[in-house]
Each structure stands twice: as C-alpha cells, then as structure tokens.
Amino acid sequence: QFATRVVSCREAELRPEGGGEPVHGFQVVLEDTILFPEGGGQPDDRGLIGDVPVLRVTRRGPEAVHFVPTALQPGAEVLLSLDWERRFDHMQQHSGQHLITAIAEQMFGFKTTSWELGRQRSLIELDTPSVTAEQVEALERSVNEKIRDRVPVTVRELAADDPEIDTVRSRGLPDDHVGPVRVVDIEGIDSNLCCGTHVSNLSDLQVVKLLGTEKGKKNKTNLVFLTGNRVLKSIEQSHSTEKALTSLLKNGPGEHVEAVRRLQSSVKLLQKNNLNLLRDIAVLIARDFKSKPAPRQLFVLHRKEGDSEFMNIIANEIGTEETLLFLTVGDEKEAGLFLLAGPVEAVENLGPRVAELLGGKGAGKRGRFQGKATKMSRRGEVQALLQEFISHRSPEV
C-alpha cells in the first residue's frame with residue numbers, strides 16, 4: 001500500500017482488452033504511484049485507489065495514468081493498494097525472460113528481438129530460424145543452475161547522457177522518454193535497460209520451464225516458457241488431467257497414450273461401420289419408395305442421423321427426373337443439412353426459397369440444391385411450399 005494524493009481527474013473511455021463497447025470512466029494522475037504502467041513487454045498492474053478498482057494503468061510521458069470507473073477529487077489524499085499476486089507473477093516472468101535471453105545469447109548467440117508476457121504463457125522471439133530440442137534442453141538446464149546459485153538482481157539509474165549506457169543491452173528508449181535511464185543487472189550475467197518490475201534474487205524465480213519452440217515471423221523462432229508459480233500451476237493442471245484420465249481409461253498415466261490410440265482405432269472402425277449401415281439404409285429407403293404401385297411426385301424424409309452422402313444416395317437411387325425430393329438430416333428442432341432434388345427447372349426455382357425458409361445457405365446445379373439449415377423446425381413450411389408447387393405444376397407459384 002502507498003499513501004499519495006490525486007493530481008488530476010478527467011473523463012475518458014477505456015476499450016476492453018478483449019474487445020467490445022468502450023467503458024466510461026476517468027483518467028486519474030497521482031503525485032506518485034506503485035502501480036506499473038504497461039510497457040517494455042510487461043502488462044500493467046492492477047489495484048485499488050481507496051476502494052475504487054484500477055482497471056488499466058498506462059504511461060503518458062513521465063506520468064502514470066490510472067483508469068477508474070469512479071471520479072476522484074483532485075487534491076484528495078488516497079491510499080493506493082497493489083494486487084501483489086499479479087505483480088509478483090509479472091516480476092517472475094520478466095526476470096525469467098531477462099535470464100533466458102542472456103543465457104541464450106551467451107550459449108548459442110541467439111539474440112532476442114522481442115518478447116510477450118501472456119496470461120497463460122510467455123514468448124521470447126529469437127533471431128534464428130530454428131532451435132533444436134537439444135539446445136532447448138541445454139538452455140533450460142543452464143538457466144535453472146543460475147536460479148539455484150541465488151544470483152542477486154539489482155536496479156540502478158544512469159543519467160541519460162552517461163556513456164555507460166552504450167555498454168548495456170537495449171532495444172532503444174521510447175521517443176517520449178524523460179529523466180534517468182533504468183538498468184536491471186543480473187550479477188555477472190546481464191545488464192539491460194528496462195522499465196519493468198523484477199525479483200531481487202534469481203532464487204525468487206523458483207524454476208523455469210521451457211515448453212518448446214514455435215515458428216516465428218521472418219525467419220525467427222518463438223521460445224515458449226513458464227516461470228515460478230506458473231510452473232506449479234501448470235503441474236497442478238496436468239496432474240488433475242492425469243487423475244481424470246486415469247479414472248476414465250482405467251489404467252496408469254504411463255498407459256494413457258496407448259489407451260487413447262486404441263480408442264481412436266475403435267472409433268474409426270465404428271464410424272466406418274456406421275457409414276456403411278447408413279448407405280445400406282439409404283438404398284433400402286429408396287427401393288421401398290420405388291416399389292410402391294402408384295408413383296408419387298413428392299418424397300419427403302427427415303432422419304436425425306445422416307450426412308450429405310446419405311441424402312445423395314437416396315436421390316440417386318430414386319431418380320429425380322419426375323420426383324421432387326426434400327431430404328433433411330440433423331436435429332429436427334435445431335440445425336442440420338438439407339437436399340432438394342428433382343427436375344432442374346423446379347429445383348432452380350425452389351432451391352433458394354427452401355434455403356431461406358430453413359434459415360440456411362446452399363448452392364446447386366443439375367437438379368440438386370443442398371446446404372446447411374439453422375431452422376429445421378420449419379420443415380413443415382417447406383413441405384407445404386413443395387406440395388403447392390406440385391399441385392399447380394407451375395414454377396411461378
């Protein structure tokens with residue numbers, strides 16, 4: 001917590017990180033703050049001004065701007081409270097990034113071009129087209145050795161014109177930077193220009209886990225990592241998943257992969273058998289229709305289980321030169337697939353109207369019009385339309 005004073009408060013809008021409508025509120029500047037404004041690849045802090053939640057903290061030149069939903073009186077003394085869990089997580093990830101970046105460059109000459117502190121995991125963009133699994137393993141081992149060595153992490157400030165700045169690793173200063181330059185040192189390992197928050201000793205990182213690499217942009221490689229409490233949370237989630245799978249698969253963790261492979265093979269066989277049965281059913285349905293003594297001009301069928309092939313087999317078996325077919329598959333009250341087949345002129349005329357009634361989209365050619373439907377409950381209206389068309393035998397109706 002930190003006692004300070006409100007300098008200014010003005011109306012503003014905040015666009016949510018996940019998108020959506022802007023939130024109305026106020027931008028508040030304090031005499032000083034313990035809340036970190038977003039910058040340097042690190043997200044901003046959260047907390048309270050009194051009992052008012054701080055929804056975002058941004059930097060405007062030398063000032064930290066706090067976005068809050070309630071107006072605060074300029075000149076008022078306030079107590080600022082920090083969300084420490086969020087702050088410490090960011091400290092661990094950011095210091096972890098500095099350490100990984102430094103060791104990756106020392107061991108393999110891989111330079112870091114950018115990084116991202118994500119909500120679940122973090123990324124370091126390395127200026128190399130590829131990183132081998134052996135390099136990732138060696139890097140992780142070396143990084144964790146430094147953590148066990150309890151190496152101190154210190155912060156110092158240099159004047160903007162201090163020649164020592166040229167010896168410190170940096171991706172450059174923001175155009176609107178003012179005042180002294182902040183340097184974060186990992187003793188004997190790294191010196192880096194940085195505005196972010198960090199641990200005071202590498203032992204506070206607990207552990208670093210490199211999850212692997214992903215292909216980056218422009219011949220670069222993204223290294224995915226977790227640090228500290230995020231590693232513990234990941235282990236907890238994996239253990240919960242493992243317990244659930246052990247219960248479902250009725251075997252130990254070491255046998256899970258093989259058990260899933262067997263299940264996949266069984267499912268593929270069942271799907272194949274089911275498809276063959278559907279094809280047989282489609283043929284029987286069509287032959288039953290054709291065996292009726294009096295030919296019918298309209299054939300309507302709905303089946304919950306089925307696919308486009310099922311409907312087309314029926315249409316092929318019945319023939320569409322004289323009979324108009326309206327076939328649907330899927331949940332009768334929700335979404336599904338439809339097929340309208342019959343004389344070319346009739347289908348061209350009726351197809352778009354059927355799709356519109358079913359709240360769907362479709363396309364057709366040569367006497368077939370098929371597509372997806374979102375309102376299968378309106379099948380009765382389609383059938384009525386087709387009955388009316390047949391009774392008048394005119395595509396204009």
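The values are calculated or read from the model by the stated rules, or taken from the named source; none is laboratory data. Please read these numbers as outputs of a predicted model, since none were measured by experiment. Ideal geometry is used to build each Cβ from the backbone, glycine not excepted, and the neighbour counts take in all protein chains shown. Each accessible area value is taken on the protein alone, full model and side chains, heavy atoms only, with ligands, DNA and RNA left out. Shrake-Rupley method; radii C 1.70, N 1.55, O 1.52, S 1.80 Å.
Does at least one position in the range 39-57 carry a residue that is in the same structural domain as SER191 (by the TED database) and closer than 27 Å to GLY179 by Cα?
Of the range 39-57, the ones in the same structural domain as SER191 (by the TED database) are none.
So far as the range 39-57 goes, no, none of its residues is in the same structural domain as SER191 (by the TED database) and closer than 27 Å to GLY179 by Cα.
Looking at the range 32-44, can you tell me whether even one residue there is open to solvent by 60 Å² or more (accessible area, probe 1.4 Å) and within 22 Å of ALA3 (Cβ to Cβ)? Looking through the range 32-44, at least one residue is open to solvent by 60 Å² or more (accessible area, probe 1.4 Å) and within 22 Å of ALA3 (Cβ to Cβ).
Have a look at LYS209, LYS215, LYS220 and point out the one that is basic (Lys, Arg), within 24 Å of THR113 (Cβ to Cβ) and touching an Asp or Glu at 6+ places or on another chain (Cβ under 6 Å). Give the derivation first.
Working: LYS209 fails: touching an Asp or Glu at 6+ places or on another chain (Cβ under 6 Å); LYS215 fails: touching an Asp or Glu at 6+ places or on another chain (Cβ under 6 Å).
Being basic (Lys, Arg), within 24 Å of THR113 (Cβ to Cβ) and touching an Asp or Glu at 6+ places or on another chain (Cβ under 6 Å) holds for just one of LYS209, LYS215, LYS220, which is LYS220.
Selection of the range 177-213 for residues being open to solvent by 50 Å² or more (accessible area, probe 1.4 Å) and free of Cβ contacts under 8 Å to residues at least 60 places away in the same chain yields HIS177, PRO180, ARG182, GLU187, GLY188, SER200. Taking only the range 181-196 into account, find how many residues are part of a loop (DSSP other than H, G, I, E, B) and in contact with a strand residue (DSSP E or B) (Cβ under 7 Å, 6 or more places away or on another chain). Residues flagged as part of a loop (DSSP other than H, G, I, E, B) and in contact with a strand residue (DSSP E or B) (Cβ under 7 Å, 6 or more places away or on another chain) within the range 181-196 amount to 4.
Listed by position, the strands (runs of 3 or more DSSP E) enclosed by the range 321-397 that each have at least 3 residues that are open to solvent by 30 Å² or more (accessible area, probe 1.4 Å) are 361-365, 368-373. Which one of these does LEU245 not meet: (1) out of contact with any Pro (no Cβ under 9 Å at 6 or more places or on another chain); (2) assigned to a helix (DSSP H, G or I); (3) aliphatic (A, V, I, L, M)? Of everything listed in (1) out of contact with any Pro (no Cβ under 9 Å at 6 or more places or on another chain); (2) assigned to a helix (DSSP H, G or I); (3) aliphatic (A, V, I, L, M), LEU245 misses just condition (1).
One line per residue, one yes/no per condition, for (1) open to solvent by less than 90 Å² (accessible area, probe 1.4 Å); (2) assigned by the TED database to the domain that holds VAL131; (3) without any contact (Cβ under 8 Å) to a residue 24 or more places away in the chain:
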{"site": "LYS218", "(1), (2), (3)": "no, yes, yes"}
{"site": "VAL224", "(1), (2), (3)": "yes, yes, no"}
{"site": "THR227", "(1), (2), (3)": "yes, yes, no"}
{"site": "ARG230", "(1), (2), (3)": "yes, yes, no"}
{"site": "LEU245", "(1), (2), (3)": "yes, no, yes"}
{"site": "LYS250", "(1), (2), (3)": "no, no, yes"}
{"site": "GLU255", "(1), (2), (3)": "no, no, yes"}
{"site": "VAL260", "(1), (2), (3)": "yes, no, yes"}
{"site": "LEU284", "(1), (2), (3)": "no, no, yes"}
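Given the criteria aliphatic (A, V, I, L, M), in contact (Cβ under 8 Å) with a residue 60 or more places away in the chain and closer than 30 Å to GLN97 by Cβ, does LEU82 qualify? Step through it out loud before you land on a result.
Working: aliphatic (A, V, I, L, M): yes; in contact (Cβ under 8 Å) with a residue 60 or more places away in the chain: yes; closer than 30 Å to GLN97 by Cβ: yes.
Yes; evaluated as a whole, the condition is true for this residue.
Residue count for the range 138-169, restricted to those that are surrounded by fewer than 14 Cβ atoms within 10 Å (Cβ to Cβ) and either without any contact (Cβ under 8 Å) to a residue 12 or more places away in the chain or hydroxyl-bearing (Ser, Thr, Tyr) (or both): 8.
Scoring PHE289 on the criteria (1) loosely packed, with under 12 Cβ neighbours inside 10 Å; (2) hydrophobic (A, V, I, L, M, F, W, C); (3) within 28 Å of THR323 (Cα to Cα) leaves a single failure, condition (1).
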